[in-house]
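The values are calculated or read from the model by the stated rules, or taken from the named source; none is laboratory data. All values reported here derive from a predicted model rather than from experimental measurement. Cβ: placed from backbone, ideal geometry, glycine included. Neighbour counts: every protein chain shown.
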Amino acid sequence: MVHGTLEDWVAEMDQLVHTHQLQPLPTEFHMVSDEDIYTLSSYFVPGRYRHWTHGERYWIAKQRDEQGMGRIYELVVNGDPALAYLLDKNADAYNVLVIGHVLGHTDFFARNRHLSRVRRTNVGMWFREHAEWLENLHRQRSFSRVEKLIDAAHTLSQLVDPYYRAPELQTMPPASPVRSPSFDWVKQLYDEEPPDTEDDSSYIPRYKMWPATQDVLAIVADLGHLGEEERMALRMLREEMLYFQPQAQTKYMNEGWATFWHVRLTREFSLWDEQDHIEAMRMHALVTQSHHFFNPYYFGWTLWELIAEMHGLATCFQIVEDQTDQQWVNQWITPDLVKLAQDRNVWPLERPRDPNDPSKGMEYYPAQDLARDVQKAFMPDTPEIFVEQIDAQNHRLDLVYHGEKPLHKEYTQDVLNAIAYLWGGDVMLTSLHKIWYGNEADWRRRD
């Protein structure tokens, strides 16, 4: 039996984290129903704007729980204070472990510079203000028009840059035409002179972007043919995308760090019986199942354990402060670390001889190959697309993709159509393999 109340459990866990030099953010804990946890997890934060994608995630979460395919035990929001939501139908022993897990998350939020940069005071109020503003826009404009605007912005969610600054627009005026001399004085008298591009304020040149930027959504919001309300809506949506971006970039580190610490904190927790601790460890074993190697809880936890064993806990704290998942994996997964993981039997020792034919059996998985394959799995798969040029006279946006890997045909066309819809003009993407054109009308015809 777990003794005391939620406040007692939080108070003891808070004492334990400080003995381990953890520095979690001030955290508000709330007990909520399963319906509430489905809603919160589908919106990611309380009070966010309504959109059909949130409803889709709600039903997926609900069906997974009801069919025994996966339960959401908690939700933590990066803010000042941080917000933590625990499922009220969890056993008390489960919620004790979840409290330790939450404090691991909020310590990660407090230390990591990428997450610290986007943290906001009273984060729930910030999201509610955006939601109220968008709700008013729904009332002022047709519902379908605002929904299409949000759909298009969501399609560009990977084309934002936290370090974006408004680029300098380098003018590229056309060469002045050379006029051949005329001997017809009547023609000269009535012939109009060509406009002087240096003096004529009506002349609108083409602009080269410098420096080149990947933040297509910012360019569209600033320079697209949009109403002021639509422009403001895109800027709000972009701010929210930038808020969530570092969480996606540190998912494995964050979940692993929280798991690393809930294991240690629950060993020292005193307000329960031994059977309660065993029950909590059953939940831990369920969450960290290793049959899927890239389970964020399992992979992240074991990697932190290996780094702590090889390099010490002080090194782990330094890593948390500065790195993302990709940097973490590339720097710290070495053949020596992989060999230690294989010796501890926490990372695979074998691989299929032929991935396409399981009947050929298994073979030894060399540490060098496993290290390379893990690093390859964390390579970003989002193509890097840059804004290259704006033709302001024709309102055309020129994009460029320098990668050698061909772009996905249908997805790329859909993204370009969304950009064209928001830009309100022609959009062209040049790649090594093909030149793509955005079609605003195709996006307008979407259901």
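For the stretch 21-62, the tally of residues that are within 17 Å of Leu134 (Cα to Cα) and basic (Lys, Arg) stands at 2. Here Trp59 passes the criteria (1) under 20 Å from Glu35 (Cα atoms); (2) among the aromatic types (Phe, Trp, Tyr); (3) modelled with pLDDT of 95 or more except the one numbered (3). Suppose we filter Ala341, Ala377 for residues that are surrounded by fewer than 15 Cβ atoms within 10 Å (Cβ to Cβ) and under 31 Å from the mean Cα position of the chain (by Cα); which single one remains? Only one candidate qualifies: Ala377. Of all the residues in the stretch 62-92, those that are among the small types (Gly, Ala, Ser), surrounded by fewer than 20 Cβ atoms within 10 Å (Cβ to Cβ) and without any contact (Cβ under 8 Å) to a residue 60 or more places away in the chain number 2.
When restricted to residues that are over 20 Å from the mean Cα position of the chain (by Cα), part of a helix (DSSP H, G or I) and surrounded by fewer than 20 Cβ atoms within 10 Å (Cβ to Cβ), the stretch 138-158 contains 8. Helices (runs of 4 or more DSSP H) wholly in the stretch 1-106 with at least 2 residues that are among the polar types (S, T, N, Q) and farther than 30 Å from Ala152 by Cβ - which ones? Output list reads 6-19. One residue stands out among those in the stretch 383-427 that are hydrophobic (A, V, I, L, M, F, W, C) and more than 22 Å from Leu149 (Cβ to Cβ): the one that is farthest from the chain's Cα centre (by Cα), which is Ala392. Put simply, of His292, His311, His277 the only residue that is in contact with a Phe, Trp or Tyr (Cβ under 9 Å, 6 or more places away or on another chain), over 30 Å from Gly124 (Cα atoms), surrounded by 15 or more Cβ atoms within 10 Å (Cβ to Cβ) and not hydrophobic (A, V, I, L, M, F, W, C) is His277. Entry remark, the stretch 95-131: residues being modelled with pLDDT under 95 and over 23 Å from the mean Cα position of the chain (by Cα) number 0 in total. All of Leu242, Leu226 fail the test of being of a type in the set (A, V, I, L, M), assigned by TED's automatic domain parsing to the domain that holds Leu149 and either closer than 18 Å to Ile385 by Cα or surrounded by 21 or more Cβ atoms within 10 Å (Cβ to Cβ) (or both), apart from Leu242. Mind checking which residues of the stretch 1-26 are farther than 21 Å from Lys89 by Cα, surrounded by 14 or more Cβ atoms within 10 Å (Cβ to Cβ) and either among the β-branched types (Val, Ile, Thr) or not assigned by TED's automatic domain parsing to the domain that holds Arg71 (or both)? Val17, the sole residue that qualifies. Filtered by the rule that a residue be under 21 Å from Ile99 (Cβ atoms) and β-branched (Val, Ile, Thr), the stretch 41-81 gives Val45, Ile72, Val76, Val77. Residues that are surrounded by fewer than 17 Cβ atoms within 10 Å (Cβ to Cβ), part of a helix (DSSP H, G or I) and of a type in the set (Ser, Thr, Tyr) occur in the stretch 315-323; there is at least one. Every condition in (1) within 30 Å of Val427 (Cβ to Cβ); (2) of a type outside the set (Val, Ile, Thr); (3) in a loop (DSSP other than H, G, I, E, B) is met by Leu271 except one, and the failing one is (1).
Being closer than 16 Å to Leu223 by Cβ and in contact with a helix residue (DSSP H, G or I) (Cβ under 6 Å, 6 or more places away or on another chain) is the filter; apply it to the stretch 420-447 and report the residue that is surrounded by the most Cβ atoms within 10 Å (Cβ to Cβ). Out of the qualifying residues, it is Leu422. Only one of the listed residues (Val160, Val146, Val118, Val123) is touching a residue at least 24 places away in the same chain (Cβ under 8 Å), in contact with a strand residue (DSSP E or B) (Cβ under 7 Å, 6 or more places away or on another chain) and at negative phi. That residue is Val123.
Taking Ser33, is it under 18 Å from Trp126 (Cα atoms) and of a type in the set (S, T, N, Q)? No; evaluated as a whole, the condition is false for this residue.
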